[in-house]
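> Let me begin by handing over the structure; questions about it come next.
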Amino acid sequence: MLLDILLINCKELLTMDHETKMVRGEQMNSLPHVKDGAIGWKDGVIAFVGTSTEAKSIKSKKIIDCNGKLVSPGLVDPHTHLVFGGSREHEIALKQQGTPYLEILKQGGGIHSTVKATREASFEQLYAKAQFHLKRLISYGITTIEAKSGYGLERETELKQLQVVKELAKNMDMTIASTFLGAHAIPMQYKENPEVFLGNMAELFQEIKDQELAEFVDIFCEEGVFSLDQSKAYLSLAKEAGFSVKIHADEIVTLGGTELAIQIGAASADHLIAASDLAVDMFGSSNTVAVLLPGTTFYLNKEFYAKARSIIDKGGSVALATDFNPGSSPTENIQFIMNLAMLKLKMTCEEIWNAVTINAAKAIKKENTSGRLKVGRRADVVIWNAPNYQYIPYHYGINHVHTVFLNGQEVAKGGAYIDE
């Protein structure tokens, strides 16, 4: 076979090719890799994984000498709010003055500001803005993402966000898991009747399913937003409609959203800063992935981070995500999230790499296509300006990407997306 591209002399080739579809507990410290590795593909599909010595007999149209660089699967970001209008830098001064978030909301800021801007933006405007951010995500080494709606809070705009996601996935040949987060906040006119609003959102399930606009349904289960009972009823309807489910759980108050996620078999429970000790224990016997978002804690300048160490030590499975959004985590830099995971979540380098590849893929049900390098899979591959896997979490604040290949095509180089 004549390959299209063959990479050789990879000092460390992280295949992440575990025997299981997710890793948990002590398994998260194992890191399948090939020393002096080589990898090649044809028509966007991986055809060879082995050593550089074994690759000497292989013919390829193009051979790239990695000169001792680290090579890994494309990273997976399992929690983003990719599509939105406007931005929120005008709130910085208010936050620095100590203005409570609820007061910012009363002034028309916070999520209400983003909802207004998203409703006012056309499909074309939202598409262009989301594509800009998506290219930046790719430039940091991400080749698979999850993207949520949630800034419409009414039918027309929620569908518009999901349609943008679908079009982006098609046009950019990108693996994107789409999530309907209509239950992201309670609109002002429904403050006294949140169940009525949730009913309105649930009425969209069949339309979303028929148009193949989303795979997941999510809800913000939090004090002052949606209660445990409301979340359970809403997600039960979503499951009956054929969706997989996720929960924004226990971000601020220990409400029990994490336990609910595990009990109903959610693909993931996300945030978890205030997760209870019982919830932490439950991860050890659950296939629900704990998706942790340290960038949000950092940006909001909060004291406590999610209990990554406890979840792993109890046998749970942890993934990491940017939580890219305009209010609480305006960053596309997954590498900085890896730095924070080392410094603030006390995760080992091996655990971190598993959390941004195989476990992140499992959290969005893309474990059969993303997060590992294996013959027969899409060639989503990253060459890093780093000599080993420990270097990325160690050296913070810069982009270490040398080259990103998306479905076998070179799409980013030197930390920048290649625009034709």
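Nothing in this text is a laboratory measurement; each read-out follows from the coordinates by a stated rule. Note that the coordinates shown come from a computational prediction; the quantities given were computed from them, not determined experimentally. Because the Cβ atoms are built from the backbone with ideal geometry, glycine has one as well, and the counts that use them run over all protein chains shown.
> Which of Asp270, Asp65, Asp250 ends up with the largest GNM mean-square fluctuation for the chain, with Cα atoms connected below 10 Å?
Asp65
> Order these by the 10 Å Cβ neighbour count, fewest first: Leu137, Leu2.
Details: Leu137 26, Leu2 9.
Placing the least packed residue first, the sequence is Leu2, Leu137.
> Do the sum for the chain: with -39,500 (n - 2.57) for every DSSP H run of n ≥ 4, divided by all residues, what is the mean residue ellipticity at 222 nm, to the nearest 500 deg cm²/dmol?
Result for the chain: -9000 deg cm²/dmol, rounded to the nearest 500.
> While we're looking at this one, here's another question. On average over all directions, what projected area in square nanometres does the chain have, based on the convex hull of its Cα atoms?
On the way: hull surface 76.3 nm².
So the mean shadow area of the Cα hull is 19.1 nm².
> For Ser268, what residues show an amide H to amide H distance below 5 Å, using hydrogens built from the backbone and excluding near sequence neighbours?
Ile247, Val289
> At 7 Å along Cα-to-Cβ for each site, give me the label-to-label distance between Lys374 and Lys170 in nm.
My value for the distance between the label points is 3.0 nm.
> Just to confirm the number: angle between the C-alpha axis of helix 111-120 and the first principal axis of the chain, 0 to 90 degrees, nearest 10?
So the helix axis and the longest Cα principal axis differ by about 80 degrees.
> Here is a follow-up. Only bridges with both residues in the range 76-363 count here: give the DSSP antiparallel percent, nearest 5.
Within the range 76-363, antiparallel bridges account for around 5 percent of the total.
> Lysine pairs, Cα distance under 20 Å, 8 or more residues apart or cross-chain: how many in the range 289-397?
Counting lysine pairs in the range 289-397 gives 11.
> In terms of modelled amide H atoms, which long-range or inter-chain residues lie less than 5 Å from the amide H of Phe48?
Answer set, sorted by chain and number: Gly40.
> Follow-up. Stokes-Einstein diffusion coefficient for the range 273-347 at 10 °C in a medium of 1.306 mPa s, Rh from the Kirkwood formula over Cα pairs: what value in µm²/s?
Estimated diffusion coefficient is 126 µm²/s.
> For a footprinting-style exposure proxy, rank Phe304, Phe226, Phe48 by other Cβ within 10 Å, fewest first.
Least crowded to most crowded, the residues run Phe304, Phe48, Phe226.
> Please work out how much length the chain gains when fully extended from Ser57 to Ser276, using 0.36 nm per residue of separation minus the C-alpha to C-alpha distance, in nm with one decimal.
So the chain would gain 73.3 nm between Ser57 and Ser276.
> Could you state the angle between the C-alpha long axis of helix 155-171 and the longest principal axis of the C-alpha atoms of the chain, as a value from 0 to 90 degrees rounded to the nearest 10?
With rounding to tens, the tilt is 0 degrees.
> So how do Val375, Val217, Val49, Val76 line up by other beta-carbon neighbours within 10 Å, fewest first?
Neighbour counts put them in this order, fewest first: Val375, Val49, Val217, Val76.
> What list of ³J(HN,Hα) couplings, whole Hz, do you get for the range 205-210 from phi and the Karplus terms 6.51, -1.76, 1.60, once you set θ to phi - 60° and write x for glycine and proline?
After applying 6.51 cos²θ - 1.76 cosθ + 1.60, I find 3, 5, 5, 5, 5, 5 Hz.
> At 0.36 nm per residue, minus the direct Cα-Cα distance, what do Asp419 and Asn200 gain on full extension? Give it in nm, one decimal, please.
Computed gain between Asp419 and Asn200 is 74.8 nm.
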